Amino acid sequence: MGQLPLSAEQKAVFELIENTREHVFVTGRAGTGKSTLLNHLSWNTEKQLVISAPTGVAALNVGGQTIHSLFRLPIGVIADHDIDQSAELRKLLNTIDTLVIDEISMVNADLMDAIDRSLRQARQRPYEAFGGVQVVLFGDPYQLAPVPGDSDERAYFGDTYRSMWFFDAKVWREAALKIVELTEIHRQHEADFKAMLNAVRHGRVTKDIADRLNETGARPAPEDGTITLATRNDAVNRINSNALRQLPGRVLTAKAEVSGDFGGRAFPADEVLELKVGAQVMFLRNDAGTGDGPRWVNGTIGTVTRIDSTVYVDVDGEIHEVEPAIWEKFKYSYSPATKKLTKDVVAEFTQFPLRLAWAVTIHKSQGKTYDSAIVDLGARAFSPGQTYVALSRITSLEGLYLTRPLRPSDIMVDADVERFMRER
């Protein structure tokens, strides 16, 4: 991984995590470099650090393991059920100094408390939050919310917790969580546009701001393949397959190679990738770099110019040869010989790190950056933060196109998030 240098602000947070035992929640608006900091931490820490995330794809993206597989937790509400732990799992949990959880906003309060209980139990420190492990959380609650389960689960949360969010877990009554908000935006550089995005993030959009976003967004969308960010999967698939069909030539297919136990269907790229020369594609991960810095990053858009055993992609007039990438699925284990944590590869997924990109869902655009995009909120934005995620992918106001004007109902902020961020 090419490592980006840290800003002074990011360095200070790294020092805080590295030199204290404090529980830290690293948050910040889109584009403030949370992933850069997490990457730096994983490579440079002196601590026995374990990285986890709520979903398979999020875990793959940060070279970690899912929370459920790391802690061997059952899916669904855990509540006060017994937590079974093998001797091997207890040894593993005893070696951890620091537990990192990425995309924390998708972790619900019950799972947060189950992590706490698992660590207390394994480490035989029943009266110490997280059994004495330092917990470091990364994410932005203004972007992604935990997904509610069935009606029984929702009823359980209603009776047991103030909200489903991780910050309403009971463990925080005993443990102090230090919130560090990264403020320096590395994605957008126009002060005006940053201020508008912040207003959308906090649900404080004035008529003035809405008018400016709508006036800018109302220009006719360019026909040059500018990416569409849509709320629904079916809209994205329709746009991509129509555009692919309209290109001349035949479709070539690359099938992913999957080895080991990949589990589930949450692959990090298409299992079957269909391409033609002329197809617009997006890179799904950063280039490992050739010494002169990365040739592309996660989210870079280009056009396929040639396909043989590799794929050639034109990015801003430069043609790069793209080879299949390997995504490794990791599992942490305890090594009795060294009494240390080891991180082993348990499965591999090999595929070109590309997907068709005339359109992408807003959810999948998380973490990506585009110079311009057409935002299609469909009939309505249907979850808090969705409009903010879409607009904040774009580097400048000039690059914004809207398929319809924004309405007040598109700007939703979760009331519990507002309370948490206000009370800190």
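The values are calculated or read from the model by the stated rules, or taken from the named source; none is laboratory data. Computed from a predicted structure; not experimentally measured. Cβ coordinates were reconstructed from backbone atoms using ideal geometry, including for glycine residues, and neighbour counts include every protein chain displayed. Side chains are part of the model used for accessible areas, which takes the heavy atoms of the whole protein and leaves out ligands, DNA and RNA. Shrake-Rupley method; radii C 1.70, N 1.55, O 1.52, S 1.80 Å.
Here are some notes:
- Among the trypsin sites (Lys or Arg not before Pro) found in the stretch 164-230, those both in a DSSP coil and sparsely packed, with 16 or fewer other Cβ atoms within 10 Å of their Cβ, are R204.
- With contacts taken as Cα pairs under 8 Å and at least 6 residues apart, the stretch 133-270 reaches a relative contact order of 11 percent.
- Taking every DSSP beta bridge that has both ends in the chain, the antiparallel portion is near 55%.
- Of K34/K364; K170/K207; K34/K255; K170/K329, those spanning more than 29 Å from alpha-carbon to alpha-carbon: K170/K207; K34/K255; K170/K329
- Whether the stretch 18-163 is rounded, prolate or oblate, judged on the alpha carbon gyration tensor where a/c under 1.5 counts as rounded: oblate
- Counting only protein heavy atoms and a 1.4 Å probe, the chain has 47 square angstrom of accessible area per residue.
- Placing +1 on the Cβ of every Lys and Arg and -1 on the Cβ of every Asp and Glu, with no other charges, gives the chain a dipole of roughly 360 debye about its Cα centre.
- Accessible area of the stretch 214-333 belonging to carbon and sulfur atoms, whole % at 1.4 Å probe: 47 percent
- Longest site-free stretch - the chain; sites: chymotrypsin sites (Phe, Trp or Tyr not before Pro), DSSP loop, at most 15 other Cβ within 10 Å: 128-381
- In this rough spin-label picture, where each label sits 7 Å from Cα along the Cβ direction, the S333-A379 distance is 5.0 nm.
- Normalised contact order of the stretch 328-424, rounded percent, pairs of Cα under 8 Å and 6 or more residues apart: 22 percent
- Within the full protein context, the accessible area of H81 is estimated at about 110 Å² for a probe radius of 1.4 Å.
- In this calculation the C-beta distance from T310 to T253 is compared with R0 = 22 Å, giving a FRET efficiency of 0.90.
- If you take the Cα centroid of the stretch 172-217 and the Cα centroid of the stretch 51-109, the two points sit 31 Å apart.
- Over the residues of the chain, the helix contribution to mean residue ellipticity at 222 nm works out to -8000 deg cm²/dmol, using -39500 (n - 2.57) for each DSSP H run of at least 4.
- Relative contact order (%) - the stretch 87-213, alpha-carbon pairs under 8 angstrom, separation at least six: 27 percent
- Hydrodynamic radius of the chain per Kirkwood, over alpha carbon pairs, in Å: 22.9 Å
- Label reach from R154 (point 7 Å along Cα→C-beta): in the stretch 59-96, amide nitrogens under 20 Å belong to 76-79.
- Charge tally in the Cβ shell below 13 Å around A230, where Lys, Arg are +1 and Asp, Glu are -1, A230 excluded: +4
- Neighbourhood net charge (15 Å Cβ-Cβ; Lys/Arg +1, Asp/Glu -1) for L252: +3
- Rounded percent of accessible protein surface that carbon and sulfur make up, the stretch 22-175, 1.4 Å probe: 46 percent
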